[in-house]
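Here is the structure we will look at, set down as structure tokens.
The values are calculated or read from the model by the stated rules, or taken from the named source; none is laboratory data. Bear in mind the structure is a predicted one, so any value in this text is a computation, not a measurement. Don't worry about glycine lacking a Cβ; one is built from the backbone with ideal geometry, like all the others, and counts go over all protein chains shown. To get the accessible areas, we keep the full protein, side chains included, count just its heavy atoms, and leave off ligands, DNA and RNA. Shrake-Rupley method; radii C 1.70, N 1.55, O 1.52, S 1.80 Å.
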Amino acid sequence: MVSTVYAITLVVMALIAAVFCFVLVNSKKVEADYSTVTKKWYGIRGKWFFFLLTLGVIITYLSLSPFPIPDQKKGYQENEYQVVKVDSYQWYWTMTPNTVEAGKPVTFLVTSGDVNHGFGIYDENLELLGQTQAMPGYTNKLIHTFDKPGKYKILCLEYCGVAHHAMITELTVK
Ligand SMILES: [Cu+2]
């Protein structure tokens with residue numbers, strides 16, 4: 001086995017050396033005009049660039065458009081909002097109140113008592129409806145209107161320690 005590998009290595013090394021010598025010898029002989037080749041490949045490079053650019057824009061649009069970013073400026077009056085205060089800790093949520101009405105916009109005022117958490121609202125099928133960061137020292141506002149009554153789940157979207165996965169609570173929409 002070892003001798004076979006050794007032999008193959010020697011042959012490959014000889015081939016590489018031969019190619020190297022061939023290129024070296026021929027490079028001195030020919031002073032060819034490469035402008036047509038250069039022009040052709042610059043053209044292909046330009047087209048490739050625009051292809052990748054277009055592809056990038058399309059993929060960005062397709063992957064971002066279903067991303068749940070609720071409209072934060074719907075023109076509601078201040079007194080039309082239901083306000084829910086959300087506090088997050090390792091590893092639980094407090095929500096006051098934890099029951100809201102459907103069809104009426106809810107303003108979630110989200111903060112954290114310790115580290116960064118992610119406040120994510122999910123429906124019964126665990127589809128994400130809206131999210132914002134829960135940060136110590138800041139209160140982030142998230143406006144969401146629930147279309148139908150039910151039990152909604154609040155999950156932590158940012159890894160915050162060993163019991164991050166257990167950081168779940170429920171929001172009732174009547
Ligand atoms: Cu968390």
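Scanning region 139-156 for residues that are of a type outside the set (Val, Ile, Thr) and either open to solvent by less than 70 Å² (accessible area, probe 1.4 Å) or more than 23 Å from the chain's Cα centre (by Cα) (or both) returns ASN140, LEU142, HIS144, PHE146, ASP147, LYS148, PRO149, GLY150, LYS151, TYR152, LEU155, CYS156.
Taking PRO97, is it modelled with pLDDT of 90 or more and open to solvent by less than 100 Å² (accessible area, probe 1.4 Å)? Against the criterion (modelled with pLDDT of 90 or more and open to solvent by less than 100 Å² (accessible area, probe 1.4 Å)), PRO97 qualifies. Counting the residues of region 83-94 that are open to solvent by less than 30 Å² (accessible area, probe 1.4 Å) and either farther than 17 Å from LYS151 by Cα or within 14 Å of the ligand (Cβ to nearest atom) (or both) gives 3. Any residue at all in region 42-56 that is open to solvent by 90 Å² or more (accessible area, probe 1.4 Å), among the basic types (Lys, Arg) and not assigned by TED's automatic domain parsing to the domain that holds ILE168? Yes - at least one qualifying residue is present in region 42-56. Strands (runs of 3 or more DSSP E) fully within region 109-160 that include at least 1 residues being more than 16 Å from the ligand (Cβ to nearest atom): 128-134, 140-144, 150-156.
Being closer than 25 Å to VAL162 by Cα and loosely packed, with under 15 Cβ neighbours inside 10 Å is the filter here, so list the residues in region 100-123 that pass it. Answer for region 100-123, where residues must be closer than 25 Å to VAL162 by Cα and loosely packed, with under 15 Cβ neighbours inside 10 Å: GLY113, ASP114.
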